[in-house]
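The values are calculated or read from the model by the stated rules, or taken from the named source; none is laboratory data. The structure displayed is predicted, hence computed values, not measured ones. Counting neighbours? That spans all protein chains shown, and the Cβs are built from the backbone with ideal geometry, glycine included. Only protein heavy atoms, including side chains, enter the accessible area calculation; ligands, DNA and RNA are left aside. Shrake-Rupley method; radii C 1.70, N 1.55, O 1.52, S 1.80 Å.
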Amino acid sequence: MTRFHKRRALLIGNEHYDDGHFSPPASVQADVWGLAQVLKHRNIGNFVSVQTESDLTADDMRAVIGEFLQERDEDELALVYVSGHGVRTVRDGAEFHFVAKDTDYDRVAATGVSGGFLNDALEECVAPQKIVMIDCCRSGGFAVGLRTSDRQAGGSVAKSGERPPLTSRGVYVLSSSRAGEARTRAAAMM
């Protein structure tokens, strides 16, 4: 078993939203605080750094997630946790989106943070093990589109009929609900 000397976490809790269609989910800040305590505890998580963020806009969410994953090294374990609302947009191929502080209910795909964005950032991250914990409604929808790279050395995609080399990048996803399941009563009313 490989031992990672550096474990780092990014915890995002979005509780307040500009659009009144999204009501504040219960216990977002308490969940972020509690998980941070467990991860920081030297006999439990023993993470060397735990970065917490709250009520981020979509642009800020993308920037924070991108920077966090880009800064990881090959000897680190990276954990990304997001708590708040999540939506699967039927019009856009049922892709999962994180709802940010400034997400517009009528334009979620354009104003939220897509699961594809996080997936791409995970693919580019050099940390050998990455854990994603999604505590959102419909969070199982994130894994529906999850992929591992089928790129060959030099960035070219494997030709059809060829068996691409195994390039799984050590991504583990934990979700709090199924793809079509609301997490709480308040979220079910969206």
Express the relative contact order of region 30-134 as a whole percentage, based on alpha carbon pairs under 8 Å and six or more residues apart in sequence. 30 percent
FRET efficiency for residue 44 and residue 120, Cβ-Cβ distance as r, R0 = 25 Å, nearest 0.05? 0.20
At a 10 angstrom cut-off on C-beta neighbours, averaged per residue, how do the peptides 36-47, 62-73 rank from highest to lowest? 62-73, 36-47
Simple label model, 7 Å out from Cα along Cβ direction - residue 67 to residue 30, nm: 3.1 nm
At 1.4 Å probe radius, can you tell me the per residue accessible area of region 13-101 in Å²? 49 Å²
Take each of the peptides 95-101, 122-128, average the number of other beta-carbon atoms within 10 Å over its residues, and list them starting from the highest. 95-101, 122-128
Label 7 Å along Cα→Cβ of residue 129; region 44-69 residues with amide nitrogen under 13 Å? 45-47
